1. How long are the three semi-axes of the equivalent ellipsoid for segment 94-172, computed from the Cα gyration tensor as the root of 5 times each eigenvalue, in whole Å, largest first?
2. In what order do 308, 319 fall by count of nearby beta-carbon atoms within 10 Å, going from fewest to most?
3. Quick one: length gained pulling residue 364 to residue 260 fully straight, 0.36 nm per residue minus the C-alpha distance?
4. What value in Å³ per residue do you get for the convex hull of the alpha-carbon atoms in the chain?
5. State the three equivalent ellipsoid semi-axes of segment 41-106, derived from the C-alpha gyration tensor as the square roots of 5 times its eigenvalues, in descending order and whole Å.
6. If packing is taken as the average count of other Cβ atoms within 10 Å, what order do 142-148, 200-206, 309-315 fall into, highest mean first?
7. Note down the relative contact order for segment 122-409 as a percent, whole number, built from C-alpha pairs under 8 angstrom at least six residues apart.
8. Which log10 I(q)/I(0) values, to two decimals, does segment 266-388 give at q = 0.09, 0.13, 0.15, 0.17 Å⁻¹ under the Debye formula with one point per Cα?
């Protein structure tokens, strides 16, 4: 086992540096800009790091481990007294695992994000961009066949990838009751390191929406979204998705219930696989139960692409279409100004369109947050991940994770 004292010393040193910080920005760059230093120290334990199936013979000692995660970063806030506000963050997650057999999992993963808003009264634009490195076998992040995960596990590696996205959506108020919304979003995922044989993707989507104000805080919507997705790596396929939808957004039925929801018909044209069509939907609703408690509901049904090629009846399918149906419920309860409880659960059903396979996933979490002031946050979390698959190349595993953390924004 690695020296516990060494990891503990690093963790305590970081916490000591953060604790010495004063409650103020690191630097004020004029009247409209402020620079903050952020830091987070986390200790987590996992019992299935590689997300291996229950029937896989593997070293349980290596698959179960604790890790120290240190996340220093910077945050730049830009505020225009007129109509523009923006935020830029950058940081790195430094992973150090406890056991010597998991030396290969030690990693430094960088991230960058930009968020901006522009509002002139007539025109409203929301912008975002991000880039991050990921090393995880979580089903939420990557869909990889069991044999590929076992191969990586025996080499002491997790699936590594880079994710990039950029988005700009603008709304123009045409009249007192009508508005138009449009924009573009770009997503790119590439696999790196020893995972570079997997299929990444490059996607561009263009959503267009007409909004009609039913009442002051409620809009009816009618929209169309075009999305082109190209697979990267060994796969050679391109998909065009067309989604026609109607929906509602804003305050719904009660001042305590708000959000967005749309439902419609989506069809996918593929270059080298079968075309697919389906009912699709998106919903994000929040309800204020009381001043202390709130709940939120998220649901979606959409297409995505598998990351691993498969062999079905002697034929190689380099990239297959998956239809994901997702429902999630989350809640928050504020005990008082300093103590808060959070929790949630998500169910995902994945239907593989190009061969006989189905998969069910359940993600659940419960946590506690302690905020003694505006700058410190202490937390504890438990996360559960269950996968139950049927058919060819299906997955069947469960995973537990417990973590405690301390975060400071200075």
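Here, each number is a calculation from the coordinates, and none is a lab measurement. Note that this is a predicted model, so its numbers are computed, not measured. So basically every Cβ, Gly included, is an ideal-geometry build from the backbone, and we count neighbours across all protein chains shown.
1. Details: eigenvalues 296, 44, 10 Å².
Whole-Å semi-axes of the equivalent ellipsoid: 38, 15, 7.
2. Details: 308 22, 319 27.
Lowest count first: 308, 319.
3. Values: separation 104, 0.36 × 104 = 37.44 nm, distance 2.35 nm.
Going from the current span to full extension adds 35.1 nm.
4. Details: hull volume 61.4 nm³, N = 410.
Hull volume over Cα atoms, normalised by residue count, gives 150 Å³.
5. On the way: eigenvalues 311, 37, 13 Å².
After scaling each eigenvalue by five and taking roots: 39, 14, 8 Å.
6. Going by the mean number of other Cβ atoms within 10 Å, highest first, we get 142-148, 200-206, 309-315.
7. Details: 758 pairs, mean separation 27.3, N = 288.
Value for segment 122-409: 9 percent.
8. Ignoring solvent entirely, the Cα scatterers give -0.41, -0.70, -0.81, -0.93.
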